[in-house]
1. Return the FRET efficiency for the residue pair A:A61, B:E176: r is the Cβ-Cβ distance, R0 is 56 Å, and the value is rounded to the nearest 0.05.
2. Per residue, how large is the accessible surface of chain A? Use a 1.4 angstrom probe and give square angstrom.
3. Interface size between chain A and chain B, please: total buried accessible area, 1.4 Å probe, rounded to the nearest 100 Å².
4. Given the options A:L141, A:L14, A:L262, which has the most mean-square fluctuation in a GNM of chain A, springs set between C-alpha atoms less than 10 angstrom apart?
5. Per residue of the stretch B:138-147, what does 6.51 cos²θ - 1.76 cosθ + 1.60 with θ = phi - 60° give for ³J(HN,Hα)? Whole Hz please, x for Gly and Pro, Karplus curve as stated.
6. Kindly provide the pair-distance distribution of the stretch B:198-276 built from C-alpha pairs, with 5 Å bins from 0 and whole-percent values in order of increasing distance.
7. Given a Förster distance of 56 angstrom, what is the FRET efficiency for A:D206 paired with B:E84, based on the Cβ-Cβ distance and rounded to 0.05?
8. If I build a Gaussian network model for chain A, linking alpha-carbon pairs within less than 10 angstrom, which residue out of A:S132, A:S20, A:S213 has the largest mean-square fluctuation?
There are 2 protein chains.
Amino acid sequence: MSGPVYDRVALIGLGLIASSMFWAIRKAGLAREVVGTARSAETRETAREIGLCDRVTDTVAEAVEGADLVVLAVPVGAMGAVAEAMAPRLAPGATVTDVGSVKRAVVEAVGPHIPEGVHFIPGHPLAGTEHSGPRSGFATLFDNRWCLLVPEPGTEPEAVARLRALWEGMGAHVEEMDADHHDLVLAVTSHAPHLIAYTMVGVADDLRRVTDSEVIKYSAAGFRDFTRIAASDPTMWRDVFLTNKDATLEILGRFTEELFALQRAIRTGDGEMLHAYFTRTRAIRRGIIEAGQDTDAPDFGRVKTGA
Amino acid sequence: MSGPVYDRVALIGLGLIASSMFWAIRKAGLAREVVGTARSAETRETAREIGLCDRVTDTVAEAVEGADLVVLAVPVGAMGAVAEAMAPRLAPGATVTDVGSVKRAVVEAVGPHIPEGVHFIPGHPLAGTEHSGPRSGFATLFDNRWCLLVPEPGTEPEAVARLRALWEGMGAHVEEMDADHHDLVLAVTSHAPHLIAYTMVGVADDLRRVTDSEVIKYSAAGFRDFTRIAASDPTMWRDVFLTNKDATLEILGRFTEELFALQRAIRTGDGEMLHAYFTRTRAIRRGIIEAGQDTDAPDFGRVKTGA
Ligand SMILES: NC(=O)c1ccc[n+]([C@@H]2O[C@H](COP(=O)([O-])OP(=O)(O)OC[C@H]3O[C@@H](n4cnc5c(N)ncnc54)[C@H](OP(=O)(O)O)[C@@H]3O)[C@@H](O)[C@H]2O)c1
Ligand SMILES: NC(=O)c1ccc[n+]([C@@H]2O[C@H](COP(=O)([O-])OP(=O)(O)OC[C@H]3O[C@@H](n4cnc5c(N)ncnc54)[C@H](OP(=O)(O)O)[C@@H]3O)[C@@H](O)[C@H]2O)c1
C-alpha cells in the first residue's frame, strides 16, 4: 500500500459490512481517520468498547462533517432517510458511496439528496456472512471478493478511481456496471437463491410428519447449506426483495417453470431428461472453482467437528 | 476398537462410499479382509493400483464368496441386478447391506433375491461429497455423521448390532427407522434440496441477459452453495429421484406452494410477512450448529483462496 487513499472516511451504520471495512482500512492504512455512527446507542456503545472506528459520533450529521468519503452501510430501505439527514453537512468535493445489495433503488432514494459538487458512486461488495452487527466484522471479509461500482454516466473518473483504490486496498477486485444490470445479475446469483433457501427451510420447519429434530440431525445431506443461507438478517433481506422486486420475480418465474419441467420428468420417469440436466449443471461448478470463487475441498468444504 | 467386527467384507461397487468405507475399515481394523469389485475393468484396475481393498475380484460372485458382510455400493437403480447376480454365492449366516440413498425401492429390488438364512439390513450413511469414483474416498468421511439402518421387523438383533458396530467403528452415529420414514426424511433434508439446487443452476445457465462468466464471477453471494450441490453425480441423482418419486414430489409440491406465497408477498410489498418468515427460518440454523452438524465459521465456512 502507498499511504492513505482518503483523509477522513465516515461509516454510517456499524454492522457486518461497515465493521469489516473499518478493520480492513485500518490494517492497510487506507485512511487517516475513520469516523463511525449507528442508529442505536447500544451499537455506538459497543463500537466504542471494541475500538471500532477512531471516533464514534452520536449523529449522522457530526459523522460526515469534514469527511472526504461517506459510506452508507445501512439496510437498503433506510438509505433514503439517512441520505436526507446528512446531505446539508456534506463537504464540497466529497464522495458518497453505499454498500447496499440492490442498486437501482439506492440510486433513486439517495441520488436526489446529493448536493451539487458531491460525487455519488453507488457500490456493492459481494461478500458477507450470515452474521450481523458491530462485532461480526473482520479485516479479510473482502479478500479476493468482487466489489461492483455503478457510477452514473458523467461521474468524474478520478473520484471513481479513488474509490476503486480503496476497495482494492481492502483486497477486493472491482468491476463497473450499470445499476439495472447489477440488479439482474444479483437476482440470479444471490437474491433468488436466498429466497429459495428461505422457502425450503420454511417447508422443512412446517412438516407434520418429520420433526424439527430429525431435520436438524440429518441436515448434512444437502439441507444444511440452505439453512446457512436462510440464517441471514431478516431486515436486510426483506429490503432486498422489496427493492429488487422485478428482477427477483423474473428469475423466480423462470425457476418455477424449470422446476415444473423437472417435476414432470420425475413423475413420468424420464431418466434421460434428468441425467442430461444434471450433467449440464456440473460445468458451471467447474468454472467457479477455476475462477477461484470456491475451493474443491470435499464434504462441502466444511471443517469437520470432532466426533 | 476391540478387534475386527467382521471376518471378510465384500464391497460391491468401488466409488466414493465404498472406497471411504475401505479406508475407514482399514484404519480402525474392523475387518480381517476386505474384498472389492466394480463393474468396469478400469475401476478395478485403479483399485489395484492404489491399494483399494486387500483383494479386487473380477466378478461379484467371486467377491461375495465366503464374505460375512456384503455391502452394495452401486447406484440405487443397479442394486436389483447386482443382488440377483450374487445371490447364489452368498454364505449362509452372512449379512447383506447397502448404502443407497433411497430405502423402500432397495428393499423391494434386493429383498426378493436374498436367500433364506442370510440377513438383509438396508442402510444409508448420510455423508458424501460432490466427487465420485474409486479415488474420491477418504477414511474420515463418516466421522460424526449419521448412518440410518432400516431393518425389517423380525431381523435378528445380533446381526443388526454387528452392523451397527461396524458403522460406529467408522466414526458414524447409528439410528434405526422404517424405510418409508427414511425416504420422507431424506426427501426433505436431501432430495428436494438437491433438485432445487439443480434447477437454480439450470436457470442461471440458461439466461440470455446474464452471461455464464458473470454468474461464475459473482457466485459468492449465495449461488455458489447451490452449484456445489448441483455438481453431484448425475447417475446417482437420476436414480434417487426415480426411486423416491412420491416423497420427493410431495415435498416439492409443498415447496412450490410456499414459494408462491413468498412471491405474492414480494409482489404486493408485504414486508411484515417476509420479515416474519425470515426470522422463523433462523431457529433451525441454530439447532444445526448446536447439534454439531455444521460450524458457525463466517463466510459460509469456506477456506479463503489467496487474493
Ligand atoms: N450481510 C451481507 O451479507 C451483505 C453483503 C453485501 C452488502 N450488504 C449490504 O450492506 C448493508 C449493511 O448490511 P450489514 O450486513 O452490515 O447489516 P447489519 O450488520 O445488520 O448492520 C446494519 C447497520 O445499519 C443500521 N440500521 C439498521 N436499520 C436502520 C435504519 N432504519 N436507520 C438507520 N440505521 C439503520 C444498524 O444500526 P443499529 O446497529 O443501531 O441497529 C446497523 O448499524 C445493507 O444494505 C446490505 O444490503 C450486506
Ligand atoms: N455420493 C454421495 O453423496 C452418497 C451419499 C450416501 C449414499 N450414497 C449412495 O451410495 C451409492 C454409491 O454412490 P457413490 O457416491 O459411491 O457412487 P460412485 O462414486 O459414482 O460409484 C458408483 C459405483 O457403482 C458402480 N456402478 C455404477 N453403475 C452400475 C451398474 N449399473 N451396475 C453395477 N455397478 C455400477 C460403479 O462402477 P464403475 O466405477 O465401474 O463405473 C462404481 O464403482 C449410491 O447408491 C448412492 O445413492 C451416495
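The values are calculated or read from the model by the stated rules, or taken from the named source; none is laboratory data. No experiment lies behind these values; they were computed from the predicted model shown. Virtual Cβ from ideal backbone geometry, glycine too; neighbours counted across all protein chains shown. Heavy atoms of the whole protein, side chains included, go into the accessibility calculation; ligands, DNA and RNA do not. Shrake-Rupley method; radii C 1.70, N 1.55, O 1.52, S 1.80 Å.
1. Values: r = 65 Å, r/R0 = 1.16.
Efficiency, from the Cβ-Cβ distance: 0.30.
2. Values: 11100 Å² over 307 residues.
Each residue of chain A exposes 36 Å² on average to a 1.4 Å probe.
3. 11300 Å²
4. Most flexible of the set in this elastic network: A:L262.
5. Using θ = phi - 60°, the values come out as 8, 5, 9, 3, 9, 3, 6, 9, 8, 10 Hz.
6. Reading the bins upward from 0: 3, 12, 14, 16, 20, 20, 11, 4, 1.
7. On the way: r = 41 Å, r/R0 = 0.74.
For A:D206 and B:E84, the calculated efficiency is 0.85.
8. So, out of A:S132, A:S20, A:S213, the one fluctuating most is A:S213.
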